[in-house]
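Derivation of every value follows stated rules applied to the coordinates shown; laboratory data play no part. Keep in mind that what you see is a predicted model, and the values were worked out from it rather than measured. We place every Cβ from the backbone using ideal geometry, glycine too, and count neighbours over all the protein chains shown.
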Amino acid sequence: MIKDKTGKSLSSKEVLQKSLARGESVITEFIIFIVHIVGIIPSHHIRRFFYRLAGMQIGKGTSIHMGLTLYETRNIRIGEDTIIGEGCTLDGRGKLVIGNHVDIASEVMIYNAEHDINDPYFSPITEPVVIEDYVFIGPRAIILPGVTIKRGSVIGAGAVVTKDVAENQIVGGVPAKIIGERKVTEHNYKLGRARWFR
């Protein structure tokens with residue numbers, strides 16, 4: 001008799017389902033491995049081509065710099081004229097939506113999956129992350145699962161964002177708290193092209 005990690009006996013059908021799921025997981029891991037290799041190619045056009053091929057939706061004029069870490073690609077949607085800095089982490093195990101004209105600095109980490117620390121089996125849970133238009137996220141900030149960052153907000157360098165951020169708010173710290181507000185509330189700028197070989 002075959003048992004799962006909790007000790008529950010599995011039927012033949014359950015064994016087959018788990019085997020197929022494991023096979024799909026291995027294929028996904030291999031695709032992510034290839035995408036990580038693509039992340040060091042010094043060409044925005046080539047990287048975008050392969051990221052789209054792997055299932056990411058990427059808008060016109062968006063640039064993703066080198067060294068991107070991904071956990072899944074199919075659930076990531078990025079708008080137009082957005083820049084993702086070097087060495088960032090985008091977690092696509094759950095839904096991740098990044099809007100238009102979003103500036104994400106280097107080494108930012110955005111997560112939408114975590115473990116339930118109160119579950120005896122430490123089960124994974126996912127919650128969507130939404131980053132609306134004209135948001136700026138400073139270097140090495142961390143965005144945690146379930147967070148929505150509203151239009152025009154600014155996330156300070158090194159901040160850990162654990163809850164929603166309202167429109168045009170400036171937040172910083174660990175955990176992130178309101179530290180100010182943007183004076184300009186009507187945003188209409190374009191970020192422009194990224195550096196060619198980064």
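Among the residues that make up the stretch 63-71, is at least one of them over 23 Å from residue 188 (Cα atoms), of a type in the set (A, V, I, L, M) and touching a residue at least 60 places away in the same chain (Cβ under 8 Å)?
Yes; the residues of the stretch 63-71 include at least one that is over 23 Å from residue 188 (Cα atoms), of a type in the set (A, V, I, L, M) and touching a residue at least 60 places away in the same chain (Cβ under 8 Å).
Taking only the stretch 149-198 into account, find how many residues are farther than 24 Å from residue 63 by Cβ and hydroxyl-bearing (Ser, Thr, Tyr). Result for the stretch 149-198: 2.
Listed by first and then second residue, the pairs linking a residue in the stretch 131-146 that is touching a residue at least 40 places away in the same chain (Cβ under 8 Å) and buried (at least 20 other Cβ atoms within 10 Å of the Cβ) to a residue that is assigned to a loop (DSSP other than H, G, I, E, B) and of a type in the set (Phe, Trp, Tyr), with Cβ atoms under 9 Å apart and 6 or more places separating them unless they lie on different chains, are 134/189.
As a summary of the residue check, residue 107 satisfies the conditions (1) under 9 Å from the mean Cα position of the chain (by Cα); (2) under 21 Å from residue 198 (Cβ atoms) except for the one numbered (1). In the stretch 140-188, the residue that is nearest to residue 107 (Cα to Cα) out of those that are part of a loop (DSSP other than H, G, I, E, B), hydroxyl-bearing (Ser, Thr, Tyr) and in contact with an Asp or Glu (Cβ under 9 Å, 6 or more places away or on another chain) is 153. Please tell me if residue 194 is closer than 20 Å to residue 65 by Cβ and either under 19 Å from the mean Cα position of the chain (by Cα) or not in a loop (DSSP other than H, G, I, E, B) (or both). Spelling it out, it is not the case that residue 194 is closer than 20 Å to residue 65 by Cβ and either under 19 Å from the mean Cα position of the chain (by Cα) or not in a loop (DSSP other than H, G, I, E, B) (or both).
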